[in-house]
Amino acid sequence: MKLYKLSFALFLGACTLTSCGDKLDLVNPNQQTTGTFGNTADDLEESVIAAYNHIRMEGTYARVGYNIDVCRGDEVWNSSQVWYLPFDDLNEPITDEIGQWSWRDWYYTINVCNFITSKTGDDNSVLSDKLKRIKGQAQFIRGLAYYNLVNYYQTLPLITSYEDYSSLDKLYGTNNTYDEVLDQVEKDFSEAMTLLPSRDEGGEWAKGRATCGAAAGYYARTLMQRHKFSEALAVLKDIINKKYGTYKLMANYGDNFREGPAYENNDESLFEIQYLDYGSQGVDDEWTPVNTSPNATQGHAIESNFCPGNYGGWADLSASPWLYNLFKEERTKEGKLDPRLYWTIGTWETDWEGFENGNVCYTKEMSPTEPVVTNNINGGLPIAKWTNMRTNVVSTVVTGLHCGINLRMMRYSDVLLRAAECENEVNGPTQQAIDWINEVRRRANLNDLSLSDFSGNADKLFEQIANVERPKEFGCEYGRGNDLIRWGFFYSADRLAQLKEHGTFRKTLTDPKTAVSYSEVNGDDVKSSYDSWLPGHEFLPIYQGTLNANPNLKGNSANDGTDNSADFAARGWKVRPVVNLK
């Protein structure tokens, strides 16, 4: 009996010790580290979701990160004369912290992507299908981050190894060149093309996620940024030929700018930023990646920037008179206005009676004699894109991160017009280039262009693409600023004069539609966004606080006032001359 009791006691003791040992080995799920997290596909799936979350923040695409490029272009001017004025005037000071927000938020995103790639390794052949998708998404998002960073800041540290974060010497790296960063962007996008499924193969999984089609589209964009037109053309043709999934233009242009499952992630969309629809959001604005509210709004503030002051908006950005009057120059086959104007600029027009939701501004009927202006003091033509101005969803705007319309970052129409541009660069005007352009024009019910219209003149067809087709299709969307840089419009006297003409606007509350000429600029009521541009400032300067924190980092051309035109020419790139299309 004593032996039995002793054995039983030892058994209980062993169980107790074993139990204690197990408890000591448990991992607190609320206190994970890089040593305990990320070792399973489920862990890395959570990291991918975190990366997607970061691209919908203040400095990425939720507000400032998106709008900097919008107002850097010639289609938009800063009507508030406050927040975005230095970005619009291309004279952002090195001491303005707002100019650093995109830097901050994109590097947060890169950090997450580097963690994922550190866990998935270099040998893709040993990865499961799930891990291939995870790594492909991480590489796409990292490529997207560096694509945005390099086109804003020109030269910057290139960090692709998660191990670099363990050492200040590595973390505080020196500037990499524009080409070195874009080399990595090309590598990330091209590898993502091989790892990700198409939207057809991905099915429900692909809705809202990066696919091989999204990676291919951005790969072509990156190639074109460095005038690799032949390579880009091959990729764009593959997209058109459905190698990376099936894409087509939506029959209704406006379906690209509405919220809801019937319109978002549609047949035309290669990639878009996901936001929760109106009425399904929380109440807490999360402006930066460090905010972790469980009740986040998960919307964007682009609408707040665009919305007229009388309807609750911040009234920061307005469409340029040049863009409005460009739409007015060409009528449809029935003699009506281009329907894209309706969804781009919020003006009252006779042609809108009975069209879509009619002459409405946030559910209210507009007046032909009392135009709705963006800003109650400085006037301006209100931008309708990425707002509910034409949708009848809301009557006024709650400012902040509340708009639920997904931002379509790349549409199939961009593939077609880029293919036409590359074809023109490689082979001059061809019927194929004209056909791709006409596919986009037909949706707007415009007359076809004819190859004979261009008489073998590649400069003339380029002018048609750059200053007619693209502005009317993508007016007031992200990307125009990047285009002006890759086209070299800042490095040619006639192109700079053209930009000044396009960027001229009049501060008026009564007659914002009237065309205005650069000859009328008086520095007060009439001005041009590009008058204050100085060489090098087509890029944003690197924030002085960032330079102070990293002694190894140097300023870029905007910090130093370096003229980039010589480098542009030395690469063999040419600025196409201005051609009068009339």
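Some points to look at:
- Qualifying positions in region 498-541 - touching a residue at least 60 places away in the same chain (Cβ under 8 Å) and among the hydrophobic types (A, V, I, L, M, F, W, C): L499, F505, L509, A515, V516, W533, L534, F539, L540
- The residues of region 258-301 that are open to solvent by 40 Å² or more (accessible area, probe 1.4 Å), closer than 28 Å to Y412 by Cβ and in contact with a Leu (Cβ under 6 Å, 6 or more places away or on another chain) amount to a single one, Q298.
- Of residues in region 127-146 being farther than 25 Å from Y61 by Cβ, in contact (Cβ under 8 Å) with a residue 40 or more places away in the chain and part of a helix (DSSP H, G or I), the one most open to solvent (accessible area, probe 1.4 Å): K130
- Helices (runs of 4 or more DSSP H) contained entirely in region 25-114, each with at least 1 residues that are modelled with pLDDT of 95 or more and over 19 Å from M409 (Cβ atoms): 41-54, 85-88
- Considering L158, L168, the condition of being open to solvent by 10 Å² or more (accessible area, probe 1.4 Å) and over 21 Å from the mean Cα position of the chain (by Cα) is satisfied by L168 alone.
- Only one of E370, E365, E349, E353 that is at pLDDT below 95 and on the phi < 0 side of the Ramachandran plot: E370
- Among helices (runs of 4 or more DSSP H) entirely within region 429-546, having at least 1 residues that are under 26 Å from E303 (Cα atoms) singles out 431-443, 470-474, 480-487, 493-502.
- The lone exception for W83 - which of (1) surrounded by 18 or more Cβ atoms within 10 Å (Cβ to Cβ); (2) over 30 Å from E501 (Cα atoms); (3) among the hydrophobic types (A, V, I, L, M, F, W, C) it fails: (2)
- Some residue of region 229-245 being within 22 Å of the chain's Cα centre (by Cα), at pLDDT 95 or above and open to solvent by 40 Å² or more (accessible area, probe 1.4 Å): no
- Remark: pairs (first residue in region 100-126, without any contact (Cβ under 8 Å) to a residue 60 or more places away in the chain; second residue part of a helix (DSSP H, G or I) and basic (K, R); Cβ separation under 7 Å; 6+ apart in sequence or on different chains) = I110/R142; T117/K135.
- Put simply, of L417, L449 the only residue that is open to solvent by less than 20 Å² (accessible area, probe 1.4 Å), of a type outside the set (G, A, S) and without any contact (Cβ under 8 Å) to a residue 60 or more places away in the chain is L417.
- Conditions (1) modelled with pLDDT under 95; (2) of a type in the set (D, E); (3) surrounded by 15 or more Cβ atoms within 10 Å (Cβ to Cβ); number of the one not met by E186: (1)
- Of everything listed in (1) small (G, A, S); (2) surrounded by 13 or more Cβ atoms within 10 Å (Cβ to Cβ); (3) modelled with pLDDT under 95, the single unmet condition for G523 is (2).
- Every residue from region 48-80 that is without any contact (Cβ under 8 Å) to a residue 40 or more places away in the chain and buried (at least 20 other Cβ atoms within 10 Å of the Cβ): V64
- Just one of the listed residues (A497, A515) is within 30 Å of N151 (Cα to Cα), open to solvent by 10 Å² or more (accessible area, probe 1.4 Å) and more than 22 Å from the chain's Cα centre (by Cα), and it is A497.
- Hits in region 454-475 (condition: over 23 Å from D494 (Cα atoms) and either open to solvent by 20 Å² or more (accessible area, probe 1.4 Å) or in contact with an Asp or Glu (Cβ under 6 Å, 6 or more places away or on another chain) (or both)): F474
- Enumeration of residues in region 420-435 that are surrounded by fewer than 24 Cβ atoms within 10 Å (Cβ to Cβ) and free of Cβ contacts under 8 Å to residues at least 40 places away in the same chain: N427, G428, T430, Q431, Q432, I434, D435
- Number of residues in region 547-570 that are out of contact with any helix residue (DSSP H, G or I) (no Cβ under 9 Å at 6 or more places or on another chain), open to solvent by 60 Å² or more (accessible area, probe 1.4 Å) and either in a loop (DSSP other than H, G, I, E, B) or in contact (Cβ under 8 Å) with a residue 12 or more places away in the chain (or both) equals 3.
The values are calculated or read from the model by the stated rules, or taken from the named source; none is laboratory data. In this text, all values refer to a predicted model and were calculated from it rather than measured experimentally. Because the Cβ atoms are built from the backbone with ideal geometry, glycine has one as well, and the counts that use them run over all protein chains shown. Please note that ligands, DNA and RNA were not included when accessible areas were found on the heavy atoms of the full protein model with its side chains. Shrake-Rupley method; radii C 1.70, N 1.55, O 1.52, S 1.80 Å.
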